[in-house]
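Note sheet for the following structure.
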Amino acid sequence: MGRWPGRNLHLTVFPVLLLRLAYTQLWISLSRYQTAKTKQIVNKSLDFDQVDRERNWDDQILLTALLVYLGDVALPGVSRLPWWETRGVVLVALLHAGPVEFLYYWLHRALHHHFLYSRYHSHHHASIVTEPITSVIHPFGEEMAYFLLFAIPLVSVAVSGTGSIASLVGYLVYIDFMNYLGHCNFELVPKWLFDAFPPLKYIMYTPTSTLSITLNSERTIPCSCHSTTTSMAPWTSPPVSSTRPASRGRRRRRPTPST
């Protein structure tokens, strides 16, 4: 019940890889088009240093494909997944909204501590004019911490026998969408939607809130951390609304840490 016949997982890895590459390139093009039209939050153009620093944005997509393939080989019962499994989709959503969001928030706060920030997270915040791909530009150690965290829902459905192609691909696309939305440097969600449905700010975050974090990352600021969906964790302080005007100040640039 709630299960559709599926296919071998390893036959899905490469098509999903191509889908994510094309999807990401579409976001990059849209963001740069809006920046060229001056419909941007930060009134500043990209610099060559940032473009060079973010040129390896596809590494995390390739690494994801490799890890999924290894999971297919190592974990019993995932070699042939159904297209849809209702229980697995619900489990992924609950695990992400619960433990993953909670752990991500505290991981992000830890990364804004001066010890970890200067060695890892400052590399990400070196990009003032954020692009969608800025969201995935991190030193390798930090990237692996994110991979371990976001693997929790996927490994859980795999070992419980409730995994599906829909929950795997849907979760990856969801993470991509929220990351790219929060760093695209233009407001895709209109202001009237937040006015019409105020709770929306508790289930998603916006480029404006991301910018406020970036511009305030010179020092450790305990409350300047967001979850993967919200501008700030609602149990700590209210979210930053997309209606808030973005500051156009500049901050002193920190040296890029080594990996």
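The values are calculated or read from the model by the stated rules, or taken from the named source; none is laboratory data. Everything quoted here is computed from the prediction, not taken from an experiment. Don't worry about glycine lacking a Cβ; one is built from the backbone with ideal geometry, like all the others, and counts go over all protein chains shown.
So that you can scan it fast, the table gives a plain yes or no per residue for (1) without any contact (Cβ under 8 Å) to a residue 24 or more places away in the chain; (2) assigned to a helix (DSSP H, G or I); (3) β-branched (Val, Ile, Thr):
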residue	(1), (2), (3)
41	no, no, yes
51	yes, yes, yes
61	no, yes, yes
64	no, yes, yes
68	no, yes, yes
71	no, yes, no
76	yes, no, no
94	yes, yes, no
100	no, yes, yes
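Does residue 80 meet the test of being at pLDDT below 90, out of contact with any His (no Cβ under 6 Å at 6 or more places or on another chain) and of a type in the set (Lys, Arg)?
On the way: at pLDDT below 90: yes; out of contact with any His (no Cβ under 6 Å at 6 or more places or on another chain): yes; of a type in the set (Lys, Arg): yes.
Criteria met by residue 80.
Restricted to the range 22-70, and to residues that are of a type in the set (S, T, N, Q) and within 19 Å of the chain's Cα centre (by Cα), which residue is surrounded by the most Cβ atoms within 10 Å (Cβ to Cβ)?
Ranking the qualifying residues of the range 22-70, first place goes to 31.
Among the residues of the range 170-194, how many are under 19 Å from residue 97 (Cβ atoms) and either part of a loop (DSSP other than H, G, I, E, B) or among the β-branched types (Val, Ile, Thr) (or both)?
Residues that pass the stated criteria total 2.
Select, from 96, 113, 123, the only residue that is crowded, with 18+ Cβ neighbours inside 10 Å and modelled with pLDDT under 95.
Values: 96 fails: modelled with pLDDT under 95; 113 fails: crowded, with 18+ Cβ neighbours inside 10 Å.
After applying the criteria, what remains is 123.
Hey, any hits in the range 210-233 for a residue that's modelled with pLDDT of 75 or more, of a type outside the set (Phe, Trp, Tyr), over 16 Å from residue 125 (Cβ atoms) and part of a loop (DSSP other than H, G, I, E, B)? Quick ask: steps written out before the conclusion?
Narrowing the range 210-233 to residues modelled with pLDDT of 75 or more: none.
Scanning the range 210-233, I find no residue that is modelled with pLDDT of 75 or more, of a type outside the set (Phe, Trp, Tyr), over 16 Å from residue 125 (Cβ atoms) and part of a loop (DSSP other than H, G, I, E, B), so the answer is no.
On the basis of being more than 26 Å from residue 133 (Cα to Cα), in contact with a Lys or Arg (Cβ under 8 Å, 6 or more places away or on another chain), at pLDDT below 85 and buried (at least 16 other Cβ atoms within 10 Å of the Cβ), does residue 9 make the cut?
yes
Working carefully through the options 136, 92, 73, 100, find the one that is under 23 Å from residue 169 (Cα atoms) and either over 18 Å from the mean Cα position of the chain (by Cα) or among the hydroxyl-bearing types (Ser, Thr, Tyr) (or both).
73
Inspect all residues belonging to the range 143-162 and state whether any of them is assigned to a helix (DSSP H, G or I), of a type in the set (Val, Ile, Thr) and closer than 21 Å to residue 112 by Cα. Walk me through how you get there before you give the answer.
Taking the range 143-162 first, the residues assigned to a helix (DSSP H, G or I) are 143-160.
This time we only want the ones that are of a type in the set (Val, Ile, Thr), so: 152, 155, 157, 159.
Those still in the list that are closer than 21 Å to residue 112 by Cα too: none.
So far as the range 143-162 goes, no, none of its residues is assigned to a helix (DSSP H, G or I), of a type in the set (Val, Ile, Thr) and closer than 21 Å to residue 112 by Cα.
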